Amino acid sequence: MAIALYAFDTPNGRKISVALEEMGLAYDVHVVDITRGEQNDPAFVRISPNAKIPAIVDPDGPAGVPISVFESGAILIYLGMKTGLFWPADPTARVAVLEWLMFQMGSFGPIPGQVHHFAAMTDENDRRYGLERYMKETRRLYGVMDRRLAENEYFAGALSIADFAILGWAWRHERHRIALADYPHVQRWYVAMMARPAVARGFAIPLRRASAP
Ligand SMILES: N[C@@H](CCC(=O)N[C@@H](CS)C(=O)NCC(=O)O)C(=O)O
């Protein structure tokens with residue numbers, strides 16, 4: 001039976017549509033339009049208690065018992081454990097995946113997300129401090145990623161769920177005002193990731209209703 005994906009067209013939503021496509025799992029999309037407050041619908045909050053997308057419901061969970069999962073990092077680990085794909089069995093390799101997944105969850109998401117927030121402000125006084133602070137840190141994070149990718153094809157060596165997590169946010173590099181050409185190793189990785197047919201499908205799947213503004 002298909003996994004239910006509750007998502008919207010955002011970096012955290014796209015991480016999961018990309019992973020589901022890469023893993024070849026059947027899924028149905030349930031758009032949760034966060035511009036209309038649908039994340040606060042009590043039925044959705046029962047699945048995602050923090051009232052944020054993404055979330056999944058897998059009717060075929062562990063031991064055949066249905067399970068819901070919220071938090072994109074937890075979803076990626078769950079899907080990796082379920083399929084054994086992009087989630088190495090070797091403990092040393094797994095640590096690298098966890099490191100870069102946590103890097104994304106803790107920094108490369110929350111920080112560029114603040115750039116998106118302050119960039120959208122119209123009052124110059126309100127936006128200046130926030131933009132300077134978070135753009136500086138975002139550039140530093142791209143530097144961290146560039147150094148890692150100078151020595152590794154993918155973040156954890158082999159392609160893993162950490163790449164899907166980081167890709168979701170790198171996809172928005174223009175919105176957080178980053179020129180990928182300034183980070184050639186990130187650019188090389190980004191171009192290679194986006195050229196993958198399953199990644200393209202993960203970004204093409206509609207996560208917005210046609211009627212939405
Ligand atoms: N740590 C969460 C963050 C999820 C998150 O921030 N989702 C955003 C969209 S990308 C959301 O649902 N925003 C709606 C809101 O804040 O009300 C995860 O990685 O799943």
Q. Accessible surface of MET105 in the full protein assembly, 1.4 angstrom probe, to the nearest 10 Å²?
A. 50
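Could you state the per residue volume, in Å³, of the convex hull enclosing the Cα atoms of the range 144-213?
98
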Q: Take the range 20-136, drop everything but the C-alpha atoms, weight them equally and run the Debye formula without solvent; then report log10 I(q)/I(0) at 0.20, 0.23 Å⁻¹ to two decimals.
A: -1.18, -1.29
Q | Alpha-carbon Debye profile of the range 95-213, log10 I(q)/I(0) at 0.14 Å⁻¹ | A | -0.64
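Taking a quarter of the surface of the Cα convex hull of the range 1-59, what do you get in nm²? Walk me through the intermediate numbers first.
Values: hull surface 15.2 nm².
Projected over every direction and averaged, the Cα hull of the range 1-59 covers 3.8 nm².
How large, in percent, is the carbon and sulfur part of the accessible surface of the range 30-103 at a probe radius of 1.4 Å?
Values: 2360 of 3790 Å².
Result for the range 30-103: 62 percent of the exposed heavy-atom area is carbon or sulfur.
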Q: List every residue whose amide H lies under 5 Å from the amide H of ALA158, counting only residues 5 or more places away in sequence or on a different chain, with H placed 1.01 Å from N in the peptide plane.
A: none
Q. Rounded to the nearest 5, what % of the DSSP beta bridges within the chain are antiparallel ones?
A. 65
Q. Dividing the convex hull volume of the Cα atoms of the chain by its residue count, what figure in Å³ per residue is obtained?
A. 128
Q. To the nearest 10 Å², what's ARG148's accessible area with a 1.4 Å probe?
A. 60
Q) Which of the lysines could a cross-linker span from LYS15 if the Cα-Cα distance has to be under 21 Å and same-chain partners fewer than 8 positions apart are dropped? A) LYS52, LYS82
Q.
Can you give me the accessible area per residue for the chain, using a 1.4 Å probe, in Å²?
A. 48
Q: Per residue of the range 86-95, in order, report the coupling 6.51 cos²θ - 1.76 cosθ + 1.60 (Karplus, θ = phi - 60°) as ³J(HN,Hα) in whole Hz, putting x for Gly and Pro.
A: 6, 8, x, 7, 5, x, 5, 5, 5, 4
Q. Taking H as built 1.01 Å from N, whose amide H comes closer than 5 Å to the amide H of TYR27, not counting residues under 5 places away?
A. ILE3
Q: Over the residues of the range 111-159, compute the C-alpha Rg and express it relative to 2.2 N^0.38 Å.
A: 1.51
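The values are calculated or read from the model by the stated rules, or taken from the named source; none is laboratory data. Treat the numbers as computed from the prediction; the structure is a model and nothing was measured. These area figures cover heavy atoms from the full protein model, side chains too; ligands, DNA and RNA do not enter into them. Shrake-Rupley method; radii C 1.70, N 1.55, O 1.52, S 1.80 Å.
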